[in-house]
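Some notes on the structure that comes next.
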Amino acid sequence: MDLTGQHAPDFTLPRDGGGDVTLSALRPAPVVLYFYPRDDTPGCTTEAIEFTAALAEFEAAGVKIVGVSRDTVAKHEKFIAKHGLGIPLVADEEGTVCEAYGTWVEKNMYGKKSMGIERATFLIGGDGTVVREWRKVKVKGHVEEVLEAVKGL
């Protein structure tokens, strides 16, 4: 599933700290929407810390960042507090947003198949169109790559 050039599926999901995030309400700001498997696992923690560390650069470019997983808001809040994260995390407990973006996939770990979130990032332009997507993300160097793409908007 390639969403590049298509209108990003809109959503409203609960976020850490109370309240909701509605994707379309963030316009006209461009949005970096990143999907990650689970709070407080090594790769997900590194990715969230790196996005937080680069937050000022994204904000200087006028870009919002939103992280999505199927964890609960309560888990997100513990994750944020433990690691001092500065980005909003939304809870897609039903998995509908993961499905809409094609990130809910069959995974194969050590020969065992299971369903889970594929680490993926979407750069959504101020008009709501997906400008670029990264699938099967490797955490190392990813935030820098996304920041470079943002600077090219």
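What the table shows:
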item	result
Where residue 2 falls short, out of the listed (1) in contact (Cβ under 8 Å) with a residue 24 or more places away in the chain; (2) touching a Ser or Thr at 6+ places or on another chain (Cβ under 6 Å); (3) open to solvent by 10 Å² or more (accessible area, probe 1.4 Å)	(2)
Residue selected from segment 63-91 under the condition small (Gly, Ala, Ser) and without any contact (Cβ under 8 Å) to a residue 40 or more places away in the chain, by the criterion least open to solvent (accessible area, probe 1.4 Å)	67
Leading residue by the ranking (farthest from residue 146 (Cα to Cα)) among those in segment 30-60 that are surrounded by 15 or more Cβ atoms within 10 Å (Cβ to Cβ) and small (Gly, Ala, Ser)	43
Residue list for segment 2-42, restricted to those being under 21 Å from residue 62 (Cα atoms) and touching a His at 6+ places or on another chain (Cβ under 7 Å)	none
Segment 75-93, residues that are in a strand (DSSP E or B) and either of a type in the set (S, T, N, Q) or in contact with a Lys or Arg (Cβ under 6 Å, 6 or more places away or on another chain) (or both)	90
Which numbered condition residue 36 misses (of (1) at pLDDT below 95; (2) among the hydroxyl-bearing types (Ser, Thr, Tyr); (3) within 21 Å of residue 96 (Cβ to Cβ))	(1)
Inter-residue pairs, beta-carbon under 8 Å, first modelled with pLDDT of 85 or more and in segment 109-121, second open to solvent by 30 Å² or more (accessible area, probe 1.4 Å) and of a type in the set (A, V, I, L, M), 6+ apart	115/105; 116/105; 117/105; 118/105
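The values are calculated or read from the model by the stated rules, or taken from the named source; none is laboratory data. A quick note: this is a predicted structure, and the numbers were derived from the prediction, not measured. No Cβ is skipped: glycine too gets one built from the backbone with ideal geometry, and neighbour counts run over all protein chains shown. These accessible areas exclude ligands, DNA and RNA; they are computed on the full protein's heavy atoms, side chains included. Shrake-Rupley method; radii C 1.70, N 1.55, O 1.52, S 1.80 Å.
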